[in-house]
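Below is one structure, written out as structure tokens; comments come after it.
The values are calculated or read from the model by the stated rules, or taken from the named source; none is laboratory data. Everything numeric in this text was worked out from a predicted model, so none of it was measured. All Cβ positions, even for glycine, are placed from backbone atoms using ideal geometry, and neighbour counts span all protein chains on display. Surface accessibility is based on the protein's heavy atoms, side chains included, excluding ligands, DNA and RNA. Shrake-Rupley method; radii C 1.70, N 1.55, O 1.52, S 1.80 Å.
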Amino acid sequence: MPRLFDTQSSEIVDIVPSTEGKFSMYVCGPTVYDEPHLGHGRFTLVYDILRRYLKYRGVEVRFVSNITDVDDKIITRAAELGISAGELAKRYEEVWWDLMERLGVEKPDETPHATDWIAQMLELVTEMVSTGVAYETTDGVYLEVAKVDGYGLLARQNLADLRSGARVEVDEQKKSPLDFALWKRTPETEWGWESKFGFGRPGWHTECVAMALGILGEGFDLHGGGMDLAFPHHENERAQAVAMGKNFARHWMHNGFVMVGDEKMAKSLGNFTTLKDLLDSTDPRAYRLLVARSHYRAPLEVTAEILQDAARSLERIDAFARRFADVVLERPEVAPSKEVIDGFNEAMDEDLNSPVGLAHVFEAITRANFALDRALNEEAVSNAKAALLLLGTLGIVVQDRLEVPQEVIALAEQRKVARSEKDFAAADKYRDEILQLGYVVEDSDLGFRFRKA
RNA sequence: GGCGGCGUGGCCGAAUGGUUAGGCAGAGGCCUGCAAAGCCUUGCAAAGCGGUUCGAUUCCGCUCGCCGCCUCCA
């Protein structure tokens with residue numbers, strides 16, 4: 001198992017799963033009310049890479065990520081559009097999965113919906129009220145955070161300091177501004193559910209507790225999300241579990257933000273680029289490469305120039321993959337370079353250091369090319385196999401074959417003949433014609449190869 | 001106000017108390033009919049000021065600049 005930075009202890013720790021060889025992870029998914037942006041793309045890629053890496057290391061991963069389909073923002077947005085909240089949520093959930101597929105993010109093993117867990121949430125609320133850690137007011141049920149041991153653990157602040165900085169609106173009925181809603185009473189004209197606490201809907205923080213514990217059980221291995229979820233969302237999830245005397249996540253993992261200049265990309269700041277725009281304009285793999293080549297906890301700046309940089313780096317990877325596509329198949333007996341794989345694993349094992357992992361991949365690519373130039377085939381193939389294996393582990397799908405129209409192949413054949421007859425004027429003419437059709441022809445020992453112009 | 005973090009070469013981005021990160025771009029060369037791809041060589045660095053040390057980009061302090069969380073937020 002890798003070591004990972006744990007938000008609770010604020011240090012890199014050994015990850016010890018509750019069951020050896022297995023790993024259960026829960027990552028907070030989207031509230032489906034609008035277009036996802038680059039930040040959503042980053043966190044899904046980060047956890048996708050973690051999941052793929054663990055599987056590659058032979059760990060049996062169970063990955064749960066929820067869909068928040070009941071929320072104030074959904075209700076507000078739906079009202080603006082004049083459609084039902086359920087309809088809006090359904091629409092944006094479809095958008096979400098479509099984008100995930102384009103990003104190459106593997107679908108979670110389970111994708112629970114908050115609206116399917118209302119009954120379980122109400123059970124938890126009932127339990128918290130009965131044990132006295134939660135109380136009712138005229139507008140809902142609140143958890144009294146002062147009664148929770150270690151409240152502030154994930155925020156790394158004590159209760160008093162959190163309270164002094166609280167910016168939440170004052171509610172006379174709440175015992176503390178930090179107390180948060182478990183159940184919100186609403187008029188029956190609004191979207192909601194009947195309950196012993198009155199008609200209403202659940203507070204945000206309860207759904208993940210119900211779903212994580214309900215699906216993965218107590219003491220599941222890892223809970224993750226963006227850094228902005230550490231407080232108050234995850235803090236409040238943990239608070240509920242602690243209040244009920246239940247074991248919650250063993251480890252907490254939080255990824256850094258996507259930055260725009262010196263600011264966090266956020267809906268509220270209006271400085272976001274939608275994932276759709278990114279995917280429509282750039283090779284989706286470029287964003288994955290960008291995410292993988294910076295550390296997951298560091299801020300990540302994304303600009304057109306930086307994406308272009310990653311895209312060019314990807315061209316090098318694809319050129320390498322094309323060069324080795326056949327070579328690798330011819331040598332099934334050669335194993336991937338252990339040295340490269342060990343270097344990669346070592347980097348990834350220390351808090352998922354994918355930038356260093358990628359450096360090993362690029363070094364392997366250089367060595368493979370170097371060796372093949374000198375006909376050192378075994379050396380070339382073992383490095384190439386390692387690089388290809390590890391790229392796959394990061395979820396980077398190489399384009400090692402190109403579907404080329406028959407017409408282009410015919411021109412390349414003619415060019416080959418012209419070259420053998422030393423008719424270079426004709427050869428160059430054929431090359432131009434191939435270029436007109438959108439392909440670049442490259443010569444090699446094995447004949448010709450193509451790439452997209 | 002409280003808490004956490006950051007400032008690395010033209011750009012992106014790691015590790016590290018003394019030796020090449022890696023990628024992208026640049027320069028020179030090899031290969032090629034010419035290219036492309038590839039390979040080789042090569043600039044360019046550590047916000048500032050002090051301190052610890054034989055030696056600091058790396059540790060400590062201060063200054064400056066910046067960011068995040070404490071409200072919804074990935």
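Things to note:
- Computed [θ] at 222 nm, deg cm²/dmol, chain A (DSSP H ≥ 4; -39,500 (n - 2.57); rounded to nearest 500): -15000 deg cm²/dmol
- Using the 1.4 Å probe convention, the accessible area of region A:214-305 works out to 37 Å² per residue with neighbouring protein chains retained.
- Per atom type, chain A shows carbon and sulfur on 49% of its accessible surface, probed at 1.4 Å.
- Acute angle (nearest 10 degrees) that the helix A:118-130 long axis makes with the longest principal axis of chain A, alpha-carbon atoms: 40
- For region A:77-179, the set of trypsin sites (Lys or Arg not before Pro) satisfying both a DSSP loop assignment and a count of at most 16 other C-beta atoms within 10 Å is given as A:ARG156, A:ARG167, A:LYS175.
- Between A:THR273 and A:LEU38, the built amide H atoms are under 5 Å apart, and every one of these is 5 or more places off in sequence or on another chain.
- Where the Cα pairs of region A:406-452 fall when distances are cut into 10 Å bins, in %: 31, 61, 8
- For a straight C-alpha distance cut-off of 20 angstrom, the lysines reachable from A:LYS416 (same-chain residues fewer than eight places away being disregarded) are A:LYS429, A:LYS452.
- Look at the alpha carbon pairs under 8 Å that are at least 6 residues apart: their mean separation over the length of region A:406-452 gives a relative contact order of 29 percent.
- Loop sites in region A:1-69: trypsin sites (Lys or Arg not before Pro), DSSP, at most 15 other Cβ within 10 Å: A:ARG57
- Solvent-accessible heavy-atom area per residue, rounded to whole Å², over region A:406-452 at 1.4 Å: 68
- Chain A - Rg over Rh from alpha carbon coordinates, Kirkwood radius: 1.07
- Highest to lowest packing among A:402-411, A:104-113, scored as the average C-beta count within 10 Å: A:104-113, A:402-411
- Helix A:406-420 axis, angle to chain A major axis (alpha carbon atoms, nearest 10°): 40
- For region A:310-316, putting each phi into the Karplus relation 6.51 cos²θ - 1.76 cosθ + 1.60 with θ = phi - 60° gives couplings of 5, 5, 5, 5, 5, 4, 5 Hz, in residue order, rounded to whole numbers and with x for Gly and Pro.
- Averaging Cα coordinates gives a centre for region A:375-436 and one for region A:324-366; these two points are 23 Å apart.
- 1.4 Å probe accessible area per residue over region A:111-197, in Å²: 55
- Each Cα pair under 8 Å and six or more residues apart adds its separation to the average, and for chain A the resulting relative contact order is 15 percent.
- For region A:437-443, the Karplus equation 6.51 cos²θ - 1.76 cosθ + 1.60, evaluated at θ = phi - 60°, returns couplings of 8, x, 10, 10, 9, 10, 8 Hz by residue, with Gly and Pro reported as x.
- Short-range pairs are left out: with C-alpha atoms under 8 Å and at least six residues apart, the relative contact order of region A:311-393 is 36 percent.
- On Cα atoms only, tilt of A:377-393 relative to the major axis of chain A in degrees: 30
- Both radii come from the Cα set of region A:163-276: Rg as radius of gyration, Rh as Kirkwood radius; their ratio Rg/Rh reads 1.01.
- Rounded to whole Hz, the Karplus (6.51, -1.76, 1.60) HN-Hα couplings of region A:253-259, x for glycine and proline: 10, 9, 9, x, 8, 7, 10
- Residues whose amide H comes within less than 5 Å of that of A:ASN255, counting only those at least five positions distant or on another chain, are A:GLY225, A:GLY226, A:MET227 (H built at 1.01 Å from N in the peptide plane).
- Dipole moment magnitude, nearest 20 debye, region A:8-53 about Cα centre, only Lys, Arg, Asp, Glu C-beta charged: 140
- When the alpha-carbon atoms of region A:311-393 are used, the pair Rg, Dmax equals 12.2, 38 angstrom.
- Euclidean distance of C-alpha centroids, region A:202-218 and region A:73-138, integer Å: 11
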